[in-house]
Structures are given as C-alpha cells and as structure tokens.
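In what follows, a structure is listed as structure tokens, so that the remarks can point back to it.
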Amino acid sequence: MTDFPADETGRRSSTAFGRAVVADALRHLDPAAAAGAERETDWRRNYLRHFRALVETGLAADGTAGYELAEEGLASVQARVRFRRDDGEFSLAQALMAAPERPLETTEVIGRERPETEVVLPYRGAELRGDALRRQLDTWVATGVIEESCAAAVTEVAGSPDWLDLSDQTLIAAGAGTEMGPVGAFLGWGGTVLALDLPRDDLWQRVRGKVTAGRLFAPTGGADLLRDLGAVAQWLLGFEGRLILGNYVYAPGGAYPLLAAAVDALGTHLRHHRPDTALAFLATPTDVYAVPEAAVTHARSRYAARSWRARAGAAASGGRLLRPNYPRAEVPGISDSLVPQQGPNYALAKRIHRWRATLTRRDGVVSFAVAPPTRTRSVTSNRLLAAAYAGAHLFDVEIFEPETASKLMALLLVHQIRKPRVADPAAWRDEAVGAAHGGLWHAAYHPRTALPLAAVRGLALPR
C-alpha cells in the first residue's frame with residue numbers, strides 16, 4: 001500500500017509530507033522560502049503563498065531554475081513516499097521491481113465503428129468542423145479564453161488528418177474513467193487504450209461505453225494503483241508498441257498526491273524499460289503560472305476599462321474584492337488562480353505532474369497543456385465551486401462542458417505527440433504553450449477577488 005512516511009510517533013500526515021516536499025524543492029534556490037514553508041503552522045489555510053513561491057523561485061536565472069526546482073521536488077517525493085507490505089516498507093522504485101504475488105489478467109473490448117478521420121469538436125450542442133471550428137478558435141483567442149498557440153495546434157491537427165490515425169499508438173490511461181481524459185477520443189481515432197482504474201462496476205461500465213473504434217485492454221476487474229503498482233507495471237510491459245502514459249487519476253484528500261507519486265514512479269519505471277515511452281498530463285487552470293506578455297497586457301487593459309460599478313464595488317469592499325490580476329506590467333506575469341477550497345493535497349498532486357513534464361521534455365516526449373475550467377462531477381459536487389463556475393462568465397471566464405474540454409485536450413495530445421518540440425531553456429514558457437485556461441490568465445481581476453462575487457451570482461441562478 002502506498003503511504004506517507006511515518007514520523008517519530010508513527011503518524012503519517014499529508015500535511016507534513018506536502019510541507020516537506022515544497023521546502024525541499026525550494027531549499028537550494030531560496031533557503032528563506034524553504035524555511036518559511038517548514039515553519040508554516042497552518043498549512044491548510046496558508047499553502048497558497050508557498051505554492052506561489054515555487055513558481056516565483058523557478059523564474060530565477062532567466063527561468064532555467066525551474067528545472068532544478070523540479071528535480072529537487074520530485075527527488076523529495078520519491079524519497080519520502082513509502083510502499084508498505086507485511087514484510088516491511090520500501091520505496092516505490094523497489095516496489096515496482098518486486099515480482100507481484102498475482103499477475104493481472106486481461107479483458108479486451110474491440111470497437112466496431114470506423115475510426116474518425118476528421119477533427120470535430122462538440123460545443124454547445126453543435127459539432128464544429130472546418131470553418132466553424134476555425135471561427136470558434138479565433139473567438140476564443142480574441143476573448144482570451146485560450147492562448148494563440150492552442151488554436152494554432154488544433155488548426156494544424158485539423159489540417160493533418162493523417163495524424164488522427166492512432167493505430168500506431170498505445171495510450172495507458174491511468175484514471176480511465178475520468179471525465180477530462182482522452183479515452184473516448186483516442187479510441188474514436190482508432191488507437192489502443194490500456195485502461196487503468198479502480199475495481200468499480202459503475203466506472204467500468206462508463207469506460208466500456210467509450211469504445212467506438214480502436215481497442216481497449218484492461219486488467220480484469222480493475223486495479224488499484226496504490227496497492228497493485230508492481231502488478232500493473234508488469235502487465236503494461238507485456239504490451240508491444242510505443243506507449244504513452246497519460247496521468248488522469250484523481251482522488252479526494254491525501255490519496256491524490258499519493259496517486260501522483262505512484263504514477264510518477266510508474267512512468268520512470270516504464271521509461272527505464274522502454275525509453276521511447278511518452279508521458280501525458282492535463283494541467284489544472286486553478287494553479288499558479290508564469291504567463292506571457294500578451295496575457296498581462298490584455299488583462300491590464302480590461303482592468304483599466306472596468307465599469308464605475310466595479311470601481312465602486314472594489315472601494316466598498318476596502319480593496320478586498322476586484323483587485324487587478326496583474327498590478328504591474330511585469331513579464332512574465334504571475335497568474336495566481338489557486339482556489340483555497342481545493343486544498344494543498346490537490347495543489348501538490350498537480351505540481352508533481354508539472355515537475356515531471358518539465359524534466360521529461362528535456363530528454364523525451366511529453367504532452368502537457370493547461371486545461372480549461374470544466375463542469376466535472378468532482379467540481380460540481382462542491383456547492384461553492386459550482387456556484388462560482390455558474391457566475392464566472394460575468395468576469396470573462398468561460399467554463400467548459402466535459403465533452404468539449406476532453407476533446408480539445410485530446411487534440412492537443414495528438415499535436416504534441418506527432419510534433420514534439422525541444423525544451424525551452426526557460427521552463428515556464430513550455431508550460432504556457434497550448435494553454436486553454438478558460439480566460440483566467442486574461443481576466444481583469446485576480447480570481448480569488450472576483451470568484452466570490454461570481455459565486456453569489458451563481459447561487460442566485462436557477463438550477
């Protein structure tokens with residue numbers, strides 16, 4: 001069982017783990033920031049500033065410090081996480097090398113439809129293709145919903161229909177049942193999917209429903225990545241062809257950073273045995289990013305043109321609400337869209353993904369893009385987050401439906417696998433490529449000072 005390290009009393013704490021990993025990542029580059037993280041007594045409330053420090057510190061040395069920070073952070077994660085068995089505790093790397101007690105059996109589902117050969121994006125009840133798709137991409141760029149590089153990538157895939165023939169690719173979908181994952185699109189284009197998810201009948205019924213074309217293989221009955229890591233690794237290496245390990249797992253609370261660590265170790269193990277293995281991640285828009293000049297300029301122009309009502313509302317709040325997204329015209333700007341309600345475990349799991357993407361881009365192939373805010377079940381189950389999403393359009397933020405977001409991100413996956421790029425010396429620039437942040441980077445107001453008002457409006461809307 002994958003677990004946090006025990007302290008001197010035997011207690012295993014996600015808070016202590018997260019605080020230590022952030023401090024370890026910062027230590028060599030910014031000892032003062034590392035000490036601040038270690039001294040933090042209320043990690044659950046105050047984690048936001050320490051995760052912002054990770055991005056700000058990564059901008060040192062013209063952005064190249066981001067690579068060292070990622071190396072230190074991942075080294076800390078893998079050194080600290082333990083795999084517990086009856087005969088002792090081990091590192092995840094050791095657990096992956098051990099022979100599993102029970103090899104996994106395989107279930108296969110074959111799609112009967114013809115693979116799709118044209119780029120089609122579902123959006124608000126329509127199926128966008130050709131000129132209609134290009135017009136929507138242009139609209140999203142003009143309104144700051146996606147970056148221009150995102151539109152360019154989708155346009156290039158649409159103009160290269162042969163790229164959609166994924167019969168030569170095998171996607172390992174860790175978290176196959178998630179709404180944001182590309183499983184349905186990948187199968188629709190004729191690819192092969194090795195599906196990993198928990199042993200739950202309702203979940204696998206949903207996954208099997210995505211098999212139109214292509215082929216899907218899964219461990220019979222499912223597999224728990226926190227418990228069956230060695231067996232999963234052995235099972236995956238039994239398949240031929242080029243592998244793409246897509247990390248789409250999600251779990252509430254402390255299980256999420258443990259899952260992130262487990263899949264991270266699995267990726268390292270696969271790349272050791274199969275060096276051509278690619279990695280794929282979906283980055284959350286509710287995080288801290290360094291963003292390009294165009295986003296800062298657009299957001300500041302919107303803030304300068306704000307209405308008198310907005311000015312009055314900000315003044316009445318004593319400056320707590322409707323603050324500028326970028327107080328200064330700095331390049332790069334810092335877009336801080338962390339949502340306190342999502343918590344430090346969520347932020348750490350997503351940071352583990354980002355760190356691994358940063359390092360893999362230097363010596364391998366990786367697909368990484370910021371995904372749009374989306375009405376997934378995990379988000380809408382939180383009443384306040386659901387309300388904020390319902391009212392977000394008032395502040396120029398577009399919330400996507402899952403079918404649109406997942407297909408859009410699948411198209412970016414195709415582009416980044418078919419046309420991998422060389423790593424930028426400044427790690428933050430690579431994170432900004434292809435971003436579909438929903439408008440959070442271009443919004444006039446700092447999200448945490450505007451979304452409370454969006455939530456008030458959202459709560460008043462009919463369900």
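Within region 60-85, track down each residue that is part of a helix (DSSP H, G or I) and touching a strand residue (DSSP E or B) at 6+ places or on another chain (Cβ under 8 Å). Walk me through it before giving the result.
Restricting attention to region 60-85, the residues satisfying the condition of being part of a helix (DSSP H, G or I) are 61-63, 65-80.
Once the filter is applied, which keeps residues that are part of a helix (DSSP H, G or I) and touching a strand residue (DSSP E or B) at 6+ places or on another chain (Cβ under 8 Å), region 60-85 yields only Gly63.
Looking at this structure, is Leu270 outside the structural domain of Arg52 (by the TED database), part of a helix (DSSP H, G or I) and either in contact (Cβ under 8 Å) with a residue 12 or more places away in the chain or more than 13 Å from the chain's Cα centre (by Cα) (or both)? It is true that Leu270 is outside the structural domain of Arg52 (by the TED database), part of a helix (DSSP H, G or I) and either in contact (Cβ under 8 Å) with a residue 12 or more places away in the chain or more than 13 Å from the chain's Cα centre (by Cα) (or both). The single residue among Ala231, Ala218, Ala213, Ala262 that is more than 22 Å from Lys350 (Cα to Cα), in contact (Cβ under 8 Å) with a residue 12 or more places away in the chain and in contact with a strand residue (DSSP E or B) (Cβ under 7 Å, 6 or more places away or on another chain) turns out to be Ala218.
Here Pro100 meets each of (1) open to solvent by less than 70 Å² (accessible area, probe 1.4 Å); (2) modelled with pLDDT under 95; (3) out of contact with any helix residue (DSSP H, G or I) (no Cβ under 6 Å at 6 or more places or on another chain) with one exception, condition (3).
Taking the criterion of being open to solvent by less than 10 Å² (accessible area, probe 1.4 Å), over 23 Å from Asp3 (Cβ atoms) and not acidic (Asp, Glu), the residues of region 332-353 that qualify are Gly333, Ser335, Ser337, Leu338.
Looking across region 198-237 at every residue that is among the hydrophobic types (A, V, I, L, M, F, W, C), farther than 26 Å from Asp3 by Cα and part of a loop (DSSP other than H, G, I, E, B), the one that is most open to solvent (accessible area, probe 1.4 Å) is identified as Val211.
Consider region 54-82 and keep the residues that are crowded, with 22+ Cβ neighbours inside 10 Å and hydrophobic (A, V, I, L, M, F, W, C). The one that is farthest from the chain's Cα centre (by Cα) is Val81.
Hey, Ala142 hits all of (1) out of contact with any strand residue (DSSP E or B) (no Cβ under 9 Å at 6 or more places or on another chain); (2) modelled with pLDDT of 95 or more; (3) open to solvent by 80 Å² or more (accessible area, probe 1.4 Å) but one; which does it fall short on? In the conditions (1) out of contact with any strand residue (DSSP E or B) (no Cβ under 9 Å at 6 or more places or on another chain); (2) modelled with pLDDT of 95 or more; (3) open to solvent by 80 Å² or more (accessible area, probe 1.4 Å), Ala142 misses (3) alone. Listed by first and then second residue, the pairs with beta-carbon distance under 7 Å, at least 6 apart or on different chains, first residue in region 350-364 and not assigned by the TED database to the domain that holds Arg52, second among the hydroxyl-bearing types (Ser, Thr, Tyr) and not in a helix (DSSP H, G or I), are Lys350/Thr284. Scanning region 157-166 for residues that are of a type in the set (Phe, Trp, Tyr), surrounded by fewer than 24 Cβ atoms within 10 Å (Cβ to Cβ) and within 21 Å of Leu270 (Cα to Cα) turns up nothing.
Out of Ala329, Ala388, one residue alone is more than 17 Å from the chain's Cα centre (by Cα), crowded, with 23+ Cβ neighbours inside 10 Å, assigned by the TED database to the domain that holds His269 and under 25 Å from Tyr303 (Cα atoms). It is Ala388.
The values are calculated or read from the model by the stated rules, or taken from the named source; none is laboratory data. A quick note: this is a predicted structure, and the numbers were derived from the prediction, not measured. Positions of Cβ are backbone-derived with ideal geometry, glycine not excepted, and every protein chain shown enters the neighbour counts. Remember, those area values only see protein heavy atoms, side chains included, never the ligands or the DNA or RNA. Shrake-Rupley method; radii C 1.70, N 1.55, O 1.52, S 1.80 Å.
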